[in-house]
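The values are calculated or read from the model by the stated rules, or taken from the named source; none is laboratory data. On a predicted model such as this, the values are computed, not experimentally measured, just so you know. Counting neighbours? That spans all protein chains shown, and the Cβs are built from the backbone with ideal geometry, glycine included. These area figures cover heavy atoms from the full protein model, side chains too; ligands, DNA and RNA do not enter into them. Shrake-Rupley method; radii C 1.70, N 1.55, O 1.52, S 1.80 Å.
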Amino acid sequence: MSTGRGRFALPALCLIGFCLFAALGVWQLERRAWKLDLIERVERRIHAAPVPPPPPERWDRVAPREIEYRRVALRGWYRHEAETLVDALTERGPGFWVLTPLRTDNGTFLVNRGFVPREKRDPDARRAGQVTGEVAVTGLVRLSEPGGRFLRPNRPAEDRWYSRDVGRIAERRGLARVAPFFIDADEAPNPGGHPLGGLTIVRFRNTHLIYALTWFGLAFLCLFGLVVALRPGHSREQT
């Protein structure tokens, strides 16, 4: 004869599985709602006329959702001596993002000027693109990416960057009065062809409904198993 503990083990496992899979299904539905909102917001903003970025007095108060992917236009002077290369994996292969401080009358903005392949990491290999004088920049506001990538943390002391961490880059370069976000430059060509801008990913996979249905299906199976395990006939078969 099986023990009383054994009789309740299967129903308990089924109940735990049902709660877990149902919770995962609900979480995927919430993620789907967030993704749909993001897609709609990005699609609307990338086609809007460019506006000035938030002024310094609003940097501490502006909500990320309010400015992310907003199309902005600004004018200033690049500080090429303080550029930072951030490791990049793109549809054009591995290379680097070139982040360059842009000094403006309203503070400094880190501008992701675009992508360069590994053979172009040295500024001397793309000297034509190191434009001087006042420039006009149009692009998308992007949020800072602190920390680095999974299993590849940023190493500021070694000047090795795996994410566009605005705060740490500004600190490493000794920059003051820097916006807490960065600007992804648009596809306007740079002299010499590099850096290559306009590579911001603005299309997002949305498979959350499929995942939600999968989790709910597993939750249903657990519920079915729980019902079977609690049937009087099944309990007698266990003894």
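Does Pro101 satisfy the condition of being in a strand (DSSP E or B) and either touching a residue at least 60 places away in the same chain (Cβ under 8 Å) or open to solvent by 60 Å² or more (accessible area, probe 1.4 Å) (or both)? Yes.
Against the conditions (1) among the small types (Gly, Ala, Ser); (2) in contact (Cβ under 8 Å) with a residue 40 or more places away in the chain; (3) in contact with a Phe, Trp or Tyr (Cβ under 6 Å, 6 or more places away or on another chain); (4) within 16 Å of Ala88 (Cβ to Cβ), Gly148 satisfies every one except (2).
Restricting attention to segment 113-132, the residues that are part of a strand (DSSP E or B) and under 15 Å from Glu81 (Cα atoms) total 1.
Could you tell me whether segment 180-201 includes any residue that is modelled with pLDDT under 85 and open to solvent by 90 Å² or more (accessible area, probe 1.4 Å)? Yes; the residues of segment 180-201 include at least one that is modelled with pLDDT under 85 and open to solvent by 90 Å² or more (accessible area, probe 1.4 Å). Within segment 119-136, identify whether any single residue is open to solvent by 80 Å² or more (accessible area, probe 1.4 Å), in contact (Cβ under 8 Å) with a residue 24 or more places away in the chain and under 25 Å from Pro52 (Cα atoms), and answer yes or no. Scanning segment 119-136 turns up at least one residue that is open to solvent by 80 Å² or more (accessible area, probe 1.4 Å), in contact (Cβ under 8 Å) with a residue 24 or more places away in the chain and under 25 Å from Pro52 (Cα atoms). Determine, yes or no, whether Arg172 is among the basic types (Lys, Arg), crowded, with 19+ Cβ neighbours inside 10 Å and within 19 Å of His80 (Cα to Cα). It is false that Arg172 is among the basic types (Lys, Arg), crowded, with 19+ Cβ neighbours inside 10 Å and within 19 Å of His80 (Cα to Cα).
Scanning segment 131-171 for residues that are over 19 Å from Asp184 (Cβ atoms), over 17 Å from the mean Cα position of the chain (by Cα) and not acidic (Asp, Glu) gives Thr132, Gly133, Arg155, Pro156, Ala157, Arg160.
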